[in-house]
Each structure stands twice: as structure tokens, then as C-alpha cells.
1. Going through Leu312, Leu295 one at a time, which residue ends up being surrounded by 16 or more Cβ atoms within 10 Å (Cβ to Cβ), at pLDDT 80 or above and in a helix (DSSP H, G or I)?
2. How do the pairs read when you match residues in the range 3-20 that are of a type outside the set (Ser, Thr, Tyr) with residues anywhere that are open to solvent by 60 Å² or more (accessible area, probe 1.4 Å), using Cβ under 8 Å and keeping only pairs 6 or more apart or on different chains?
3. Kindly indicate the residue of the range 342-359 that is within 19 Å of Ile158 (Cα to Cα) and modelled with pLDDT of 75 or more and also nearest to the chain's Cα centre (by Cα) among those meeting that condition.
4. Output the residues belonging to the range 180-197 that are among the hydrophobic types (A, V, I, L, M, F, W, C), in a helix (DSSP H, G or I) and open to solvent by less than 40 Å² (accessible area, probe 1.4 Å).
5. Which residue, of Asp89, Asp99, Asp111, is surrounded by fewer than 20 Cβ atoms within 10 Å (Cβ to Cβ) and modelled with pLDDT of 95 or more?
6. Given the conditions (1) of a type outside the set (A, V, I, L, M, F, W, C); (2) touching a strand residue (DSSP E or B) at 6+ places or on another chain (Cβ under 6 Å); (3) open to solvent by 20 Å² or more (accessible area, probe 1.4 Å), report the number of the one that Lys58 does not fulfil.
7. Select from the range 229-269 the residues that are under 23 Å from Lys95 (Cα atoms) and open to solvent by 50 Å² or more (accessible area, probe 1.4 Å) and list them in ascending order.
8. Got a sec? Which helices (runs of 4 or more DSSP H) wholly within the range 80-175 have at least 3 residues that are more than 22 Å from Lys6 (Cβ to Cβ)?
Amino acid sequence: MNTQNKLLRARVMQREPKWGVRTIKKVIDEFGSLNAVFDTPIELWQGAKEPIRAIRHKAKNNLLKQEAAQELAYMQRLGIRAVFYPEADYPELLKHCVDAPAVLFMRGKLDLNHKPLISIVGTRRATRQGVAFCEQIIEELAPISPTIISGFAYGIDISAHKKAMVLGLQSIGCLAHGLNTIYPRAHHKYMGGMQQHGGFISEFWTSDPFYKSNFLQRNRIIAGLSTVTIVIESAAKGGSLITAKMANAYDREVFAVPGAPADQQSAGCNELIRTHQAHLLTGSKALCEVMGWELIQPKKEQLPSDDIERKLLQLMLKEPRISQNDLQIKMSVSISQLQVLLLNLELSGMITRDLLGGYTANSRGFHGL
């Protein structure tokens, strides 16, 4: 059956007022597929027949048919594809969650069965230390080529996505709205890179209104997609803690980065660790031991072969966190040439750019300069 009819049938079930996502999944499991819910002779249905008759009747509604057609038109225009539970291309780990959605929308080059799948979540008001740890743990895990999943929000989320892209790792943003828009708008500039190194996923239609509760629904997708969830900086209350609790409910491993006792920015992480809802995380070694992953240490960084790159790196080693303007003045090069040099060094892992636009050299392995 074509995508439009599947969309129609999924929408009919989602619009049934007495059915939540758990009931919809249970019904699909009973019949074996989304289409079977509508096509199997009603006499073979062992449960209450009236709700099934009702949704089959609603599938004939012209307004819902028009809505499905409009959604498909949006999908085709924006390069969005839909995957339906429990078909073969539906994310394997999410299939096992009791509240897995009937349909997911994806945009980009996504492989949601590329393991290991690691969710990294945390506060929107991340500190420099939190961002630095986020980038460090991803860099240390890079040899096992993980998929990095997060919510594309400010703070820890976008830091995780950006570091994954720099390292060439697949990065997936779970959104709390349809894939025809991006929130926050300031992150629109990262869309192209994300879609080249993964992309976006959502259970929301382009026509769905946005509610704050969408974030809670989105968080269960983040937890359900992942083998393990890492929490970096979370206050006593926040969406990251909800994601961690959902991951625990799905019987997935959870790790949290500890903070000082008086640090309110890490109060949530400390509580997760204290109540044994999360493993204490201080580095990749402990994480890999718990998960049974073999972390092969990368080869020692190679020195840049280009003389001007070597000169640039020497300057950055002498002056930690130097701005692009200062680099251009001291190197006496054009802005376009400098940007190419900086990009090459960043992609090779020799330097790191922070959220404020400053650059820091990674001094490990460059003592010969």
C-alpha cells in the first residue's frame, strides 16, 4: 500500500480520542501491522470490535484523506520520508518500547540501526566545563564510530551535534515539531551539516501545533533510540532527567557526569548517581567497560605537513583561546585563507572552536613543533 494511505491510517489512529501511543502500539501488535488493523476481517479481532469499526469508518473521512495528501506533498518537497511501526526500516531499539510511535518522519541521511547509538543530553545553559567534557567524551569514543543523538537545543545538545559533525560521526537531532521547520531558529545554520552527517527525526506532522508537552514526547524518542544515555549538567529539574528516567524504564544504561555538591548546575546529575539511576561518568574508559565496548586508542596525531599550518598551530599553542581576528593579523593572511586553514586543523582534531568563536589548540601529540 502506498505511503499516503499509510499516513491516513496512522493519522486516524492518532486522532482517536481514547487512544494514546501505548494503545496504538498495542493494537498494531495485536494485528501484526498498521495495514492489518484496517484490512483484517473484524471477526478475527479478539478484543473490543467497536473501536476498530470506528477507526475504519473514520479512514473514509475526506478531510483526513486531504490531510494525508498534504503531508505527503510536504514530504516530497522537503525530502522527508516516513517509516511505520513495525516495518523493517523502523528503528530496531525503538520497536521494543511500549510507547513507540506508529509513524516517524526522517530528513537527511539517517541510519538508525548504526550502533552504538549514544544519546547525550543536558542543560541549555551549559558551562564551558560542561561543553568541554561533552566534546572530550565524543572525541574519545570516536574510534568506535558511534551515532550521537540529542535534541538539537541550546547548550549540551548542540555541542554534542557539532562535535560529532567535526569528527565525521553520524549525528541525529530529535525534534519536538514537524520537520518543515527548525527550533531554535539560531540553529538553522547547522541544518546542512546535520543532514550530511545524519539528520533529523520526529513523530510530529508538519501540520501539528507546537505545545510545550511536545518536548516530553520527544524525550522518549531520544531515550528509546539509544543504547545508552549520557547526562551532562542538569539542574534538579529538567528535561534531561526525564530522558534519563525514560531510558531506565526502557532498561537502557544511563550515565551522568558528577558535579560539586554545591553546584546547582549538576544537582540533577548528582541525584541520578546518588539514587543509582545512573552510572558515574568521568571518562570513556568506565563507559566502555560497562557497555562491553572495545575502545581502540587512536594513533598519535600527525603534525601538519603544510608550513603555514604548522606556524598557525605554533601560534595557537602559545596563545590559548585566540580569536579569528587576532589570528588573521598575526598570520598576515586573507580571511578566506585563514578559514580554510582553521577548518583543516579542526577536522583533523588538532584544534577546537568554542561556542564564543575562540580557538584552542589540542596540545597532545604536538610537542615536536
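1. Values: Leu295 fails: in a helix (DSSP H, G or I).
Sole residue among the options that is surrounded by 16 or more Cβ atoms within 10 Å (Cβ to Cβ), at pLDDT 80 or above and in a helix (DSSP H, G or I): Leu312.
2. Leu8/Lys65; Val12/Lys58; Val12/Asn61; Arg15/Lys58; Glu16/Lys58
3. Within the range 342-359, the subset within 19 Å of Ile158 (Cα to Cα) is 343, 346-347, 349, 351-359.
So of that shortlist, the ones also modelled with pLDDT of 75 or more come out as 351-352.
Values: Ile351: 24, Thr352: 21 Å.
Result: Thr352.
4. Our first condition is that a residue be among the hydrophobic types (A, V, I, L, M, F, W, C); within the range 180-197, this holds for 182, 186, 191, 194.
Those left that are additionally in a helix (DSSP H, G or I): 186, 191, 194.
Passing the criteria: Met191, Met194.
5. Working: Asp89 fails: modelled with pLDDT of 95 or more; Asp111 fails: modelled with pLDDT of 95 or more.
Exactly one of Asp89, Asp99, Asp111 is surrounded by fewer than 20 Cβ atoms within 10 Å (Cβ to Cβ) and modelled with pLDDT of 95 or more, namely Asp99.
6. If we test Lys58 against (1) of a type outside the set (A, V, I, L, M, F, W, C); (2) touching a strand residue (DSSP E or B) at 6+ places or on another chain (Cβ under 6 Å); (3) open to solvent by 20 Å² or more (accessible area, probe 1.4 Å), just (2) comes out false.
7. Ile242, Lys245, Asn248, Ala249, Asp251, Glu253
8. Numbers: elements: 92-95, 128-141, 156-166.
So the answer is 128-141, 156-166.
The values are calculated or read from the model by the stated rules, or taken from the named source; none is laboratory data. Not measured: the values here are computed from a predicted model. Positions of Cβ are generated from backbone atoms using ideal geometry, with glycine treated the same way; all protein chains shown enter the neighbour counts. Side chains are part of the model used for accessible areas, which takes the heavy atoms of the whole protein and leaves out ligands, DNA and RNA. Shrake-Rupley method; radii C 1.70, N 1.55, O 1.52, S 1.80 Å.
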